1. Restricting attention to region 228-266, and to residues there that are in contact with a Gly (Cβ under 7 Å, 6 or more places away or on another chain) and of a type in the set (Val, Ile, Thr), which single residue is most open to solvent (accessible area, probe 1.4 Å)?
2. Search region 683-706 for residues that are under 14 Å from Lys728 (Cα atoms) and of a type in the set (Asp, Glu) and pair each with any residue that is assigned to a helix (DSSP H, G or I) and at pLDDT 95 or above when their beta-carbon atoms are under 6 Å apart and the residues are at least 6 apart or on different chains.
3. Given Ala477, Ala457, which one is of a type in the set (A, V, I, L, M) and within 18 Å of Ser495 (Cβ to Cβ)?
4. Could you list, in sequence order, the residues of region 7-35 that are part of a helix (DSSP H, G or I) and open to solvent by 50 Å² or more (accessible area, probe 1.4 Å)?
5. Say we look at region 85-112 and pick out the residues that are part of a helix (DSSP H, G or I) and under 22 Å from the mean Cα position of the chain (by Cα); which of these is surrounded by the most Cβ atoms within 10 Å (Cβ to Cβ)?
6. Quick one: which of Gly479, Gly444 is modelled with pLDDT under 90, in a loop (DSSP other than H, G, I, E, B) and more than 29 Å from the chain's Cα centre (by Cα)?
7. Among the numbered conditions (1) in contact with a strand residue (DSSP E or B) (Cβ under 9 Å, 6 or more places away or on another chain); (2) open to solvent by 40 Å² or more (accessible area, probe 1.4 Å); (3) in contact (Cβ under 8 Å) with a residue 60 or more places away in the chain; (4) of a type in the set (A, V, I, L, M, F, W, C), tell me where Ile395 comes up short.
8. Quick check: is even one residue across region 652-660 of a type in the set (A, V, I, L, M, F, W, C) and in contact with a Pro (Cβ under 8 Å, 6 or more places away or on another chain)?
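The values are calculated or read from the model by the stated rules, or taken from the named source; none is laboratory data. All of these numbers come straight from a predicted model, not from anything done at the bench. Glycine also receives a Cβ, built like all others from the backbone with ideal geometry; neighbour counts cover every protein chain displayed. Calculation scope for accessible area: heavy atoms of the full protein, side chains included, ligands and nucleic acids excluded. Shrake-Rupley method; radii C 1.70, N 1.55, O 1.52, S 1.80 Å.
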Amino acid sequence: MSFGNRLRSLRRSSGLTIDQLAAASGVSGRAISDMERGHSRAPQTRTLAALAKGLGLSAGELDELESSAREQRSRGGSDGPRLCELPRAVSDFVGREDHFERIKAHLSDSSGPAPVVVVHGQAGLGKTAFAVRLAGLLDDRYPGGQFYLDLRGTDETPMEAGEALVRLLRALEVSPRRIAETNEERSSQLRATLASRRCLLVLDNAANESQVRPLLPGEGASLAVVTSRRVLGGLEGVLRLPLAPLAPEESARLLGAIATQAVGAGVAEVAALCGNLPLALRIAGTRLATRPSWTVAHLVTRLADADRRLAALSLGDTGVATAFALSHAQLTEPARALFRRLAHVPGVGFSPEIAAVLAGIGPDEALDGLEELVELGLLQPEPEGAVRYRFHDLIRLYAAQRLTIEEPPGVRAATDRLLTTWLLETAIVAGRWFEPGYGSLPAGYAGLVPLAGLEEAGAWLHAEADNWLGALRAAAAAGLDQLVVDVAEAMHWFSDSMVFWAGWYEVYGLSRAAASRLPDRHQEVTHLNYFAWAATHAARRPDEGASIAMAAYDLATELGDVKEQAWALQYAGTAWRFAGDLEPALDAYTRAQILAGEAGDHDAYVQLFQGLGLLLGALGRPQEALEMFASTVREVERRPVGHRPGQSALAGAHTFASEILADLGRWEEAREQAELALPLVLDGGDNSLVGQVHLTLGRVRAALGEAEAARADLRRALELLEETQFAKGIELARTQLAALSSA
């Protein structure tokens, strides 16, 4: 037995930890650990005597230990062959505690073949550092030794399985003369050797399953930890651990461990600019540590320039772009083209249809290319819901860099126009499903996206909001004014399904500006009105909303446009109601409803009952408010109201009536109205209204003694209202939950 293994065996037989032996012998714990792991020369006589005393060895045991030490010294080196030693561990490792605990739990529950853990993810996540850290944490479990092998999976020519087998067998002290000739026999030999020992193998940077499979232990108590940029989905019966970027607080800890200047508010910004990627954080922290005169603000300034960020995240022979390039080099040519063109996507996430448009290929072919990018860690699948993908921020910058290098400006501009046009044309088709004058697909529609109904159209508009908004910006910058107006017009009734989305302020700001440059002034007043609505709801600036609405009223009066006068007064009334100016709001709503009736705008007419009801409720006139909500239901039934506006009016009427009834303690009536509202608000898709209905149901059920059902409704309400930042509802939901908890 080698010296290190003998010392470890004796220590464990004595029931001592390394720290306890260090205290008993006077030899440092680090020195003992190095001896056991074979990272130092065998000790001389004085150190051996101290260890023997600490271990309480008999004379015979001391002789055996001294014999092992002499044998090692006679070989002129450390304990055993210096093959497959673990790399140096980083002293400032942070995070991943949940992953370590999951592995330990897996090892405790493991039965059958020797366990295998596959740690995978994109470049720069610290997979090697994680594996080495894990080996250190599990050191006591594997007295047979810990062995490391870089399989060079990102090299142009990865290590062959045969060579890897030879290296591992030699590291396990199998004589070169006894190593088998064929890979199949060597693999069997490796499994047999590991079956009788408790060893830990770190198989780093694996290229593929066929390279790794022959290296895995079979039966026994050994452990193999495989790291790879690929998922290695063909390996069966393994524990897969996908690494993600660090949490922001972990990133701050890592930066602080590397550089003493890394303190204060700017550290979070540095972490965000590094995408919380350990490699990027380590480079950024080292830049700061090696420049004592720099502050965190200096580093933020250097990283803030997106065009230079990758260059700033390079130091010596290490760089973020260099790490990404190793994965990029393994892509097929079609996947490379797709990768760089995805840099055109304006939003964070995207669908296979967007990829298909960019690459000029079919959706199935695009999906294959996207999965190739995922396999190499250059793209991330969205964790839930529809099939969607996203870049890590730094990989997106790398894709943009490749795009600039590999495609001429004219081609890039044409691709941008292609994507912008497709996104906006699809957005118009989807949005018009919600418009009273449309509500169906245009004849001959053959788009890539299935938009066969309100549900599909709404889902696409929600999912791609950042992308079609980005395309709208591009169209506005290109002077495509009518297209900008057409898109914004198609969103008018759809916007009710996400009322408080901040993007509406930009959408209608762009369309208001575009409409003002067009000859049709009725379009201008319409989009000025939309902008007033967005200022109040999306930007939550009711004073600005009221001012814009009254400017729209003046313009509509000048044009003799009674319909838009009514809408302007409605938006002004809502803005004043939000601001707490209730009497001017009441006057505006009343005048608006008269004008809407004169103009024959039935959609606006029924909507105004909601505003009047809410306002009367705020004025302390609940019975009059309830009458207004009841009028909504009657008028929707008797007037030729568009389907979507009618559904919206009914949803609001039942929702707000249930709230007032709950405030009055009329619980059964409140329940009835809330239950009428729930399917309508769910169909409308406005999570703020859905949350308000669940809040009322929770209040009702709590009052009627249905505690468990009340808690479920209130928790759901709180989740939705926090998402939409509805402060009054959030406070009430929390108060109700607290009351139930203390009851």
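1. Val263
2. From region 683-706, no pairs qualify.
3. On inspection, the qualifying residue turns out to be Ala457.
4. Ser9, Arg12, Ser13, Asp19, Gln20, Ala23, Ala24, Arg30
5. So the first thing to find is which residues in region 85-112 are part of a helix (DSSP H, G or I), and the list is 97-109.
Retained after the next criterion (residues that are under 22 Å from the mean Cα position of the chain (by Cα)): 97-100, 102.
Numbers: Glu97: 9, Asp98: 9, His99: 18, Phe100: 16, Arg102: 14.
Filtering first and then ranking leaves His99.
6. Testing whether each residue is modelled with pLDDT under 90, in a loop (DSSP other than H, G, I, E, B) and more than 29 Å from the chain's Cα centre (by Cα) leaves just Gly444.
7. The one condition Ile395 does not meet is (2).
8. Just the residues of region 652-660 that are of a type in the set (A, V, I, L, M, F, W, C), to begin with: 653, 656-657, 660.
Still in the running and in contact with a Pro (Cβ under 8 Å, 6 or more places away or on another chain): 660.
Yes, that holds for at least one residue.
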